[in-house]
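First up is the structure itself, then whatever we jot down about it.
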Amino acid sequence: MAKATFLTGETPLGRPFWWEEAAPQETPDGLPGRADVLVIGAGYTGLSAAIAAHDCGAKVVVVDAGLPGEGASSRNGGMVGAHPRLSWDKLASRFGADVADGVFAEAATALGWAKSFIEEEALDCDFQQTGRIQLAWTKSHFEGQQRLAKSVADKSAVQVDLVSRDMLGQEIETDCYVGGLVFPEHGGLHPGKYHRGMMQAAARRDIPVVSHARVAALSRDGTGFLARTPKGDMRADKVVLATNGYTTRPFGWHVSRVFPLPSFLIATEELPANTIGHLAPGRRMMVETRARHSYFRVAPDGKRILFGGRSSMRDIPLDLAAERLRQTMVEVWPELTEAKLTHAWTGNTGFSFAQIPHVGEQGGVCFAMGYSGSGTVMAPYLGAKAGYMAVGDARAKTAYQHTRFSRNLLHPFEKPHFLKAADVWYRSVVDRWESWQARS
């Protein structure tokens, strides 16, 4: 297979495009010996949990295994939306009608919360309400979108509009799709700046955020906890676990219920303004319905295309992942055949087996995780819920407490070895089947 062509002298493979303006930084904070609430993980979830608990009057400390935000929080596509990943019928069959109703109703709440949070905390993150379009790969997918649109309209306050094939040219210049579903209230942002703004919000509150302080062991200490880290021991009354797709031991109960699924992204070189306007006249955030899970957008500066998706369900060389993404991008937009790339990177999404987030408490440890690809909004929103839960605040209430966070026999070990077989299945069977459906 040919390799993607990169501009010479540009960024080394693996460095996210977002880091050019907002790279994760070492923190100067030392580790206090005690806190009311210890938050483990300094991404969107952890920082939001810390802010929520602090604003309830708790003394909070945040620790991170590496640099705060160097995981998914500064590696994602920067798409802002909170519609449920699953249909109402699937949610009702798995969790009951009341939970399904609650999840659908909470979608608008979560999105409104995220927008208010950005505004109230003055997060300088290039947020724009561009809307998001979900592009139907096949006729059956478009029929599913019609059913989803009805469910969303009936069960939530989320705005949604169907786009027929003959009107699709107003949104995207391509012959690949048969229709689409627009969420006009969704938007896009710069995820690195988003995280940096949250770090600044924590700093304004004098919340210590300690880098390179992986919790190697966590044990009960009277009515509280004792955490052992390379930077010393710490005692806390309550703990919030906020590690999502980067969860490792000693949190074995959580490791068996959330698994890391890699997502890969590429950035093109700067393109002429008329090219961008031609390819993406709607300037939406764009996602596909096919199982390849491609998602793409115009960068916040309006000068290039960012394209992500499932190059593989396991770690593979980045040059191979970049070429697979480039081929998919060119399938959508043949005009980009000669476009060179400047960046290729990857990050872990945290998936639950139910493909929906969960907020809860296990062994006295509060947590929010399993966002399954919706973390830009749901991680800070549900992180706040976990922070409220840790301090006993009534605002912790959420429908996501009543989803199921269960194990699966396919995942008995810390590493998700089952993804190797899943990758073969999707690439050799599912992708080919969907390609055949699109041609029929």
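Criterion applied to 53, 4, 42 was being touching a residue at least 60 places away in the same chain (Cβ under 8 Å), in a loop (DSSP other than H, G, I, E, B) and open to solvent by less than 10 Å² (accessible area, probe 1.4 Å), and the one residue passing it is 42. For the stretch 1-60, the candidate set comprises residues that are among the aromatic types (Phe, Trp, Tyr) and touching a strand residue (DSSP E or B) at 6+ places or on another chain (Cβ under 6 Å); within that set, the residue that is modelled with the highest pLDDT is 17.
In the stretch 257-277, the residue that is nearest to residue 409 (Cα to Cα) out of those that are open to solvent by 10 Å² or more (accessible area, probe 1.4 Å), in contact (Cβ under 8 Å) with a residue 12 or more places away in the chain and more than 18 Å from the chain's Cα centre (by Cα) is 269.
For the stretch 398-413, which positions are outside any loop (DSSP other than H, G, I, E, B) and free of Cβ contacts under 8 Å to residues at least 60 places away in the same chain? The one that is outside any loop (DSSP other than H, G, I, E, B) and free of Cβ contacts under 8 Å to residues at least 60 places away in the same chain: 401.
Determine, yes or no, whether residue 248 is open to solvent by 10 Å² or more (accessible area, probe 1.4 Å), farther than 30 Å from residue 140 by Cβ and assigned to a loop (DSSP other than H, G, I, E, B).
yes
For the stretch 297-311, filtering for residues that are open to solvent by less than 10 Å² (accessible area, probe 1.4 Å) and assigned to a loop (DSSP other than H, G, I, E, B) leaves 2. Among the conditions (1) in a loop (DSSP other than H, G, I, E, B); (2) of a type in the set (Gly, Ala, Ser); (3) within 23 Å of the chain's Cα centre (by Cα), the only one that residue 30 does not satisfy is (3).
Condition first: in a helix (DSSP H, G or I) and surrounded by 17 or more Cβ atoms within 10 Å (Cβ to Cβ). Can you find one or more residues in the stretch 353-376 that meet it? Checking the stretch 353-376: at least one residue is in a helix (DSSP H, G or I) and surrounded by 17 or more Cβ atoms within 10 Å (Cβ to Cβ). Exactly one residue out of 153, 157 is assigned to a loop (DSSP other than H, G, I, E, B), of a type in the set (A, V, I, L, M, F, W, C) and open to solvent by 60 Å² or more (accessible area, probe 1.4 Å), and it is 157.
The values are calculated or read from the model by the stated rules, or taken from the named source; none is laboratory data. Given the structure is predicted, the values throughout are model-derived calculations rather than measurements. Don't worry about glycine lacking a Cβ; one is built from the backbone with ideal geometry, like all the others, and counts go over all protein chains shown. Only protein heavy atoms, including side chains, enter the accessible area calculation; ligands, DNA and RNA are left aside. Shrake-Rupley method; radii C 1.70, N 1.55, O 1.52, S 1.80 Å.
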